[in-house]
Amino acid sequence: MKRAVSAPWARRTVRQGCFYASSTSTSSSPEAASEKWDGRFRLHKPRGQHLLTNPRVLDAIARRAAIGPGDAVLEVGPGTGNLTARLLASPASRVAAVEIDPRMVEAVTARAAALGLADKLTVIAGDAVEVDFPEFDVCVANIPYGISSPLIAKLLFGAYRFRTATLLLQKEFARRLAAAPGDGEYNRLAANVRLVADVRLLMDVSKRDFVPMPRVDSSLVEIRPRAVAPGVDLGEWLAFTRACFGQKNKTLGAIFKQKRMVMELFSRSQRAEERDGRAGAVSLSALDDGSDEDSCGEGDDDGNRAAGCSDEEVAAFKIRIAGALDSAELTGKRPSKLSNDELLQLLRLFNERGVRFR
């Protein structure tokens, strides 16, 4: 079996914390290894190390991944190898597993060797949010909650081209990820992911299927990237959805008439003009801010005024903002009720009027 050395990932801004493996793999051969955890070393719950040990669930995940002949598989967080063994036994041509914990690296390496499948496995030792992934067709992962958002951002907004990602996530996060416009759970995360991919809930997994047992249940989701990229500037879109969903329970008219919001957008639009259309740096720190409310737009003090602007300039800018909302007929609508097509239309109208979000 090959072992690769981790390399820093170019988009370090995606990282929100260290990745620690949380899933495992198995074989039907009792002499190879058992799904049951033998306690050979201490598992760190605060780091998200929860080993999936239910063989029926492991079988279901491997089946749902729909691995075809010759596929290259990327597994994030192989743990001690319970799921890895099933991926190695699939029609896949090769499996690359990314693991940060040296103890898990040794365990999954030994597991593959015991199965006689070491030649199909490459282990990349390092942080999954930072290392460069090899080319792959299918991704399978059991993700600690702390890095769910940045890892999905890396997969969907990085340079990777793949068919599907089958991810085991915290149940609440999975519901938010798969939410549709109009759902009570619809949020910025879902809107951003829907821009480039389709998400489907596959099944729920009980917390009792893990060792040690986590506090909450999990859900398996399928993410399938869309073939056609959206015709929108990514950085502008991410900044736009942050402005909209930071106060998603207010109407768009209420959000964009707040003085602090107006002044912030005025400053950003001025900077965009100074860049003469050149795009600024894009930060993929997260697809989701982890909150439905923030303080953006709150307050009404003159201290938020952009330097060097007159009252007349600000008043004219406010008219441009209101004009975009009126043209889209969205002034009285809440962001959580809008489809991505409606949001994209509004963003285009804002940009046409010189209103920029980054």
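Restricting the first member to region 79-94 and to residues that are more than 10 Å from LYS120 (Cβ to Cβ), and the second to residues that are of a type in the set (Lys, Arg) and surrounded by fewer than 24 Cβ atoms within 10 Å (Cβ to Cβ), the beta-carbon pairs closer than 9 Å and six or more apart or on different chains are THR80/ARG40; THR80/ARG103; ARG86/ARG63. Out of all the residues in region 49-59, is one or more open to solvent by 10 Å² or more (accessible area, probe 1.4 Å), of a type in the set (A, V, I, L, M, F, W, C) and in a loop (DSSP other than H, G, I, E, B)? No, region 49-59 contains no residue that is open to solvent by 10 Å² or more (accessible area, probe 1.4 Å), of a type in the set (A, V, I, L, M, F, W, C) and in a loop (DSSP other than H, G, I, E, B). Applying the criterion of being in contact with a Leu (Cβ under 9 Å, 6 or more places away or on another chain) and over 15 Å from ILE255 (Cα atoms) to the residues of region 329-342, the residue that is most open to solvent (accessible area, probe 1.4 Å) is GLU342.
Number of residues in region 343-356 that are among the aliphatic types (A, V, I, L, M) and open to solvent by less than 10 Å² (accessible area, probe 1.4 Å) equals 4. Within region 247-254, one or more residues are polar (S, T, N, Q) and modelled with pLDDT of 90 or more. For region 196-207, does any single residue satisfy the condition of being outside any loop (DSSP other than H, G, I, E, B), of a type outside the set (A, V, I, L, M, F, W, C) and surrounded by 18 or more Cβ atoms within 10 Å (Cβ to Cβ)? No, that holds for no residue.
When the residues of region 129-177 are filtered to those that are farther than 20 Å from ILE61 by Cα and in contact with a strand residue (DSSP E or B) (Cβ under 7 Å, 6 or more places away or on another chain), the one that is least open to solvent (accessible area, probe 1.4 Å) is VAL131. One residue stands out in region 208-229 among those that are out of contact with any strand residue (DSSP E or B) (no Cβ under 9 Å at 6 or more places or on another chain) and either farther than 23 Å from GLN49 by Cβ or modelled with pLDDT of 95 or more (or both): the one that is most open to solvent (accessible area, probe 1.4 Å), namely ARG208. When region 63-78 is filtered for residues that are buried (at least 24 other Cβ atoms within 10 Å of the Cβ) and without any contact (Cβ under 8 Å) to a residue 60 or more places away in the chain, only PRO78 remains.
Would you call ALA307 surrounded by fewer than 12 Cβ atoms within 10 Å (Cβ to Cβ) and at pLDDT below 85? The answer is yes for ALA307.
Cβ-Cβ distances below 7 Å connect the following pairs, each with a first residue in region 152-168 that is in a loop (DSSP other than H, G, I, E, B), a second residue that is crowded, with 22+ Cβ neighbours inside 10 Å, and a separation of six or more residues or different chains: PHE162/PHE136; PHE162/VAL138; PHE162/CYS139; ARG163/VAL138.
Where residues in region 324-341 are part of a helix (DSSP H, G or I) and in contact with a helix residue (DSSP H, G or I) (Cβ under 7 Å, 6 or more places away or on another chain), which of them is nearest to ASP198 (Cα to Cα)? Out of the qualifying residues, it is ASN340. So, ALA112, is that one closer than 23 Å to ASN54 by Cα, surrounded by 23 or more Cβ atoms within 10 Å (Cβ to Cβ) and among the aliphatic types (A, V, I, L, M) or not? Yes; evaluated as a whole, the condition is true for this residue.
To keep it simple, each residue is scored yes or no on (1) closer than 18 Å to LEU330 by Cα; (2) free of Cβ contacts under 8 Å to residues at least 24 places away in the same chain; (3) outside any loop (DSSP other than H, G, I, E, B).
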site: ARG224; (1), (2), (3): no, no, yes
site: VAL232; (1), (2), (3): no, no, no
site: LEU238; (1), (2), (3): no, no, yes
site: CYS244; (1), (2), (3): yes, no, yes
site: ILE255; (1), (2), (3): yes, no, yes
site: GLU264; (1), (2), (3): no, no, yes
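Scanning region 79-98 for residues that are of a type in the set (Gly, Ala, Ser) and open to solvent by less than 20 Å² (accessible area, probe 1.4 Å) yields a count of 6. The single condition from (1) modelled with pLDDT under 95; (2) touching a helix residue (DSSP H, G or I) at 6+ places or on another chain (Cβ under 9 Å); (3) not in a loop (DSSP other than H, G, I, E, B) that ALA191 fails is (1).
Residues that are hydrophobic (A, V, I, L, M, F, W, C) and part of a strand (DSSP E or B) within region 100-142 comprise LEU121, VAL123, ILE124, ALA125, VAL138, CYS139, VAL140, ALA141, listed in sequence order.
The values are calculated or read from the model by the stated rules, or taken from the named source; none is laboratory data. Please read these numbers as outputs of a predicted model, since none were measured by experiment. Note that each Cβ is placed from the backbone with ideal geometry, even for glycine, and that neighbours are counted across all protein chains shown. Each accessible area value is taken on the protein alone, full model and side chains, heavy atoms only, with ligands, DNA and RNA left out. Shrake-Rupley method; radii C 1.70, N 1.55, O 1.52, S 1.80 Å.
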